[in-house]
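S.K.: Here it is, the structure in full.
The values are calculated or read from the model by the stated rules, or taken from the named source; none is laboratory data. Just so it is clear, the structure is predicted and the values come from calculations on it, not from any experiment. Heads up, the Cβs are rebuilt from the backbone with ideal geometry, glycines too, and the neighbour counts pull from every protein chain shown. In case anyone asks, the SASA skips ligands and DNA or RNA and just uses the protein heavy atoms, side chains included. Shrake-Rupley method; radii C 1.70, N 1.55, O 1.52, S 1.80 Å.
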Amino acid sequence: VFTIMFDLGLAIVPGEFRWVVRHPALMGKALFATLVAVPALAWAVARALDLPRPAEIGIMLMAISPGAPVALRRSLGAGGHQSFAPALQIALALLAVVSMPLWIAAFDEYYAGTATIDPRHLARQVFVAQLLPLGLGMLARRVLPVTAAWLEPRLRKVGTGLRVVAIT
């Protein structure tokens, strides 16, 4: 994940975040959809299908886990504004530190379980796996643009290879 996020950071132009600041409603809608609507819809569908409890809980855990690094790469290649996907990724990573413990607490109440997640542990994981490499990639692009341009396609191949190895 570190390599993938560093590669994504190399592709981000920090100055372009001004576009996102000028479109706060779009960011608000995307955050609501990802952090509230998707988990609520997943819960409704899982309940409607009367899935076994472990399957329902697995679906819910996936639904409350925002910001998959693979989604950012796909978003950047899908033709949307180059600033929006990275800004959303960063916002989701930051908000996951709050949203995931809240969702876990809500599910714990609903399922009468004993599940918890330490926000500090989650924040450390989000920082090390997503924010740090993303920031280092952005810094490398700003400080060493020629090297970053040379390194980006090579790291993308390495990241793709690592994903394939991890899946198999």
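S.K.: Could you list, in sequence order, the residues of the stretch 98-122 that are of a type in the set (A, V, I, L, M) and either open to solvent by 40 Å² or more (accessible area, probe 1.4 Å) or modelled with pLDDT of 80 or more (or both)?
M.R.: Listed by number, the residues that qualify are 98, 100, 102, 104, 105, 106, 112, 115, 117.
S.K.: Which count do you get for residues in the stretch 103-135 that are outside any loop (DSSP other than H, G, I, E, B) and more than 17 Å from the chain's Cα centre (by Cα)?
M.R.: Summing the residues that are outside any loop (DSSP other than H, G, I, E, B) and more than 17 Å from the chain's Cα centre (by Cα) in the stretch 103-135 gives 9.
S.K.: Separate question: Among the candidates 66, 39, which residue alone is surrounded by 12 or more Cβ atoms within 10 Å (Cβ to Cβ), part of a helix (DSSP H, G or I) and of a type outside the set (A, V, I, L, M, F, W, C)?
M.R.: Just a single option satisfies the conditions, and that option is 39.
S.K.: Modelled with pLDDT of 90 or more and either assigned to a helix (DSSP H, G or I) or not hydrophobic (A, V, I, L, M, F, W, C) (or both): is that true of residue 140 in this structure?
M.R.: Yes.
S.K.: Of all residues in the stretch 144-168, how many are touching a residue at least 60 places away in the same chain (Cβ under 8 Å) and open to solvent by 80 Å² or more (accessible area, probe 1.4 Å)?
M.R.: The number of residues fulfilling the criteria is 2.
S.K.: For the structure I just gave you, tell me whether residue 19 is among the aromatic types (Phe, Trp, Tyr), surrounded by 13 or more Cβ atoms within 10 Å (Cβ to Cβ) and modelled with pLDDT of 85 or more.
M.R.: no
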